[in-house]
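Colleague: Got a structure for you, written out below as structure tokens; questions coming shortly.
The values are calculated or read from the model by the stated rules, or taken from the named source; none is laboratory data. Source: prediction; values computed, not measured. Cβ sites come from the backbone with ideal geometry, for glycine too, and all protein chains shown count toward neighbours.
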Amino acid sequence: MYTRISDYLSIHSHKSSSKKARAVKAPQRANGKLRVAAILEAAAAVIAEKGYEGATMAEIAARSGTKIGSLYRFFPNKESLADTIVVSARENLDAVFDRFDANVNELSIRALADDLMALIFELFTRPAFMKLLDAGQDWSVKREEFRSAMMQRVAKTLTIHTPSLSKKSASDIALVVVLNVKAVATHQAFFETSASGAADEFRDMTRLYLQSRCE
């Protein structure tokens with residue numbers, strides 16, 4: 001899943017650490033790249049289950065079948081692992097929106113609302129990623145960049161569909177849409193296990209909202 005080794009080469013200092021961060025080591029051989037992929041898969045699974053604070057390097061090493069020394073050789077700390085997951089998601093965000101934007105101007109308002117919500121929902125409901133985004137106020141640089149990029153990409157999609165929107169209006173609408181989807185994603189388990197029709201209400205609300213702003 002997280003196999004783009006180049007994604008974490010640029011990881012450096014973080015706001016959340018007062019110590020100078022050590023660089024993440026990129027593997028040069030095929031076996032090393034496979035090992036890093038296994039570590040990242042294990043890290044995503046552990047973070048999804050226990051959250052960022054509850055995840056430990058020892059458990060990630062055990063889950064991936066990696067010696068703890070080898071884990072620290074590739075990733076000097078837990079934050080470097082978390083940032084690598086976020087960087088990978090950031091690159092995937094651009095790829096997904098690029099494909100979506102290619103035909104967005106052909107969509108009706110109803111289809112725009114439904115498809116845009118589905119796209120954002122898919123990005124938000126990756127368990128490990130949700131846990132990282134909700135890890136607290138002490139955001140790392142990469143997490144802040146992702147949040148900003150998400151808003152910018154949704155705003156860009158809206159202006160492609162409706163060129164008459166001002167930059168500020170597109171940004172404000174993007175924030176409302178993203179918050180609507182995040183609310184559904186956050187309470188997904190409740191919606192799935194109850195007879196509540198709230199998820200449909202969020203969808204209808206977004207359709208009506210975009211209809212009022214993008215026509």
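Colleague: Looking only at residues in region 6-56 that are of a type in the set (A, V, I, L, M) and part of a loop (DSSP other than H, G, I, E, B), which one is modelled with the highest pLDDT? Explain how you work it out, then say what you get.
Modeller: Taking region 6-56 and keeping what is of a type in the set (A, V, I, L, M), we get 9, 11, 21, 23-24, 26, 30, 34, 36-40, 42-48, 55.
Within this subset, residues satisfying the condition of being part of a loop (DSSP other than H, G, I, E, B) are 9, 11, 21, 23-24, 26, 55.
Details: 9: 35, 11: 35, 21: 46, 23: 56, 24: 62, 26: 63, 55: 94.
The selected residue is 55.
Colleague: Being without any contact (Cβ under 8 Å) to a residue 12 or more places away in the chain and more than 23 Å from residue 184 (Cβ to Cβ) narrows it down to one residue among 111, 118, 82, 102; which is it? Talk me through it step by step, then tell me what you get.
Modeller: Details: 111 fails: more than 23 Å from residue 184 (Cβ to Cβ); 118 fails: more than 23 Å from residue 184 (Cβ to Cβ); 82 fails: without any contact (Cβ under 8 Å) to a residue 12 or more places away in the chain.
The match here is 102.
Colleague: Just the residues that are hydrophobic (A, V, I, L, M, F, W, C), under 17 Å from the mean Cα position of the chain (by Cα) and surrounded by 15 or more Cβ atoms within 10 Å (Cβ to Cβ), please, taken from region 69-95. Before you say what the answer is, go through the steps one by one.
Modeller: So the first thing to find is which residues in region 69-95 are hydrophobic (A, V, I, L, M, F, W, C), and the list is 71, 74-75, 81-82, 85-87, 89, 93, 95.
Next, from what is left, pick out any that are under 17 Å from the mean Cα position of the chain (by Cα): 81-82, 85-87, 89, 93, 95.
Scanning region 69-95 gives 81, 82, 85, 86, 87, 89, 93.
Colleague: Now a separate question. Can you tell which of 116, 165, 123, 158 is within 14 Å of the chain's Cα centre (by Cα) and of a type outside the set (S, T, N, Q)?
Modeller: On the way: 116 fails: within 14 Å of the chain's Cα centre (by Cα); 165 fails: within 14 Å of the chain's Cα centre (by Cα); 158 fails: within 14 Å of the chain's Cα centre (by Cα).
Answer to the check: 123.
Colleague: What are the residues in region 58-68 that are surrounded by 15 or more Cβ atoms within 10 Å (Cβ to Cβ) and charged (D, E, K, R), if any? Explain how you work it out, then say what you get.
Modeller: Of all residues in region 58-68, those surrounded by 15 or more Cβ atoms within 10 Å (Cβ to Cβ) come to 59-64, 66.
59, 63 - these are the residues of region 58-68 that are surrounded by 15 or more Cβ atoms within 10 Å (Cβ to Cβ) and charged (D, E, K, R).
Colleague: Now a separate question. Any residue in region 174-192 that is more than 24 Å from residue 133 (Cα to Cα), of a type in the set (A, V, I, L, M), assigned by TED's automatic domain parsing to the domain that holds residue 135 and modelled with pLDDT of 80 or more? Even if it seems obvious, please write down each step before you answer.
Modeller: Taking region 174-192 as the starting set, the residues that turn out to be more than 24 Å from residue 133 (Cα to Cα) are none.
No, the conditions are met nowhere in region 174-192.
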